[in-house]
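No value in this document is a laboratory result; all are computed from the given coordinates. Note that this is a predicted model, so its numbers are computed, not measured.
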Amino acid sequence: CKILANEDKNKMKNFINDPTMQGRKAPYFSNKLIIENSISKNEKIGNLDVYVWVNLSCNQIRNVIIRILKKYNYKLDDFKIYLRADYTDLHKK
């Protein structure tokens with residue numbers, strides 16, 4: 001998001017009000033920090049007053065990335081995205 005925001009800040013800012021860039025339960029893009037149980041659910045994108053939701057599953061992350069790339073008119077075939085599992089103690093029960 002930071003790289004694309006540097007390319008076109010206004011496009012990234014417009015995601016806040018774009019219904020196609022919002023989730024069913026939570027906004028993928030917002031102009032305010034969301035904290036639940038002392039945990040930040042979204043992160044600020046660079047110097048913008050735009051926050052991206054980070055509390056997503058791998059499939060949701062992939063889908064949001066696809067939406068973002070399409071909005072920036074990139075061909076999906078030009079990208080490969082690798083996601084890996086996080087097996088740190090934080091994520092073990």
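Under a cut-off of 20 Å between alpha-carbon atoms, report the aspartates and glutamates in cross-link reach of K13, not counting same-chain residues fewer than 8 places apart.
E43, D49
Collect residues whose amide H, placed 1.01 Å from N in the peptide plane, falls under 5 Å from the amide H of D18; neighbours closer than 5 in sequence don't count.
none
For all pairs of alpha-carbon atoms in the range 15-60, what percent lies in each bin of width 5 Å, listed from the first bin to the last filled one?
Per 5 Å bin, starting at 0, the Cα pair percentages come out as 5, 23, 31, 27, 12, 3.
How high is the relative contact order of the range 1-84? Use alpha-carbon pairs under 8 Å, at least six apart in sequence, and give a whole percent.
Taking the mean separation of contacting Cα pairs over the length of the range 1-84, I get 22 percent.
Taking 0.36 nm per residue of sequence separation and subtracting the Cα-Cα distance, how much length would be gained by fully extending the chain between I66 and A26, in nm to one decimal?
Length gained, I66 through A26: 12.6 nm.
When the Karplus curve 6.51 cos²θ - 1.76 cosθ + 1.60 is applied with θ = phi - 60°, which whole-Hz ³J(HN,Hα) does each residue of the range 36-53 get, with x for Gly and Pro?
Values, residue by residue: 10, 6, 6, 10, 6, 8, 9, 10, 5, 9, x, 8, 6, 8, 10, 10, 10, 5 Hz.
Starting from one equal scatterer on each C-alpha and no solvent at all, send me the Debye-based log10 I(q)/I(0) for the chain at q = 0.12, 0.18 Å⁻¹, two decimals.
Taken in order of the listed q values, log10 I(q)/I(0) reads -0.41, -0.90.
Which one of D77, D49, D18 has the biggest mean-square fluctuation once the chain is modelled by GNM with Cα springs under 10 Å?
D77
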